[in-house]
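Reviewing the structure listed below.
Values quoted throughout were computed directly from the atomic coordinates according to the rules given, and no laboratory measurement underlies them. It should be emphasised that the depicted structure is a prediction, and the values quoted were computed from it without experimental measurement. Counting neighbours? That spans all protein chains shown, and the Cβs are built from the backbone with ideal geometry, glycine included.
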Amino acid sequence: MLRSFLFLIASLASHFNGCRAFVQPGSIYSSTSFVRDDVTHLLAKRPPKTDYSNYDFSSMETRDMTKEEMLDMNKQNEEVMNNEMVMMTGFSLLISLPLIYLFWVAFNSD
């Protein structure tokens, strides 16, 4: 019992410590990587503004949805979300099966 408790504490401590094994120590919280030292970005050319006064918008058709169309779209979205939820739940259970087995072995072994 004591051994499993110590193992649990050690695993939690290693989990919350974080993994920085492949990161250089100076690059983790470097503020210079986000700030440019040169002033060329201040002198950069801006893209030209697009003049939409002569643009033909007749190809775009916009209209409000009717209540039936909204209800139908809500039903389709709900089906998609339910399918995604089932798939995520199944995947998480599949991933956690080895851990559940190890707990079962640990608590039911003599």
Using label points projected 7 Å from each Cα along Cα→Cβ, tell me how many nm separate THR62 and MET81, to one decimal. 2.5
Separation in nanometres of the label points that stand 7 Å from Cα toward Cβ, at PHE107 and LEU93: 1.8
Between ILE100 and THR50, take the C-beta separation as r, use R0 = 35 Å, and let me know the FRET efficiency to the nearest 0.05. 0.05
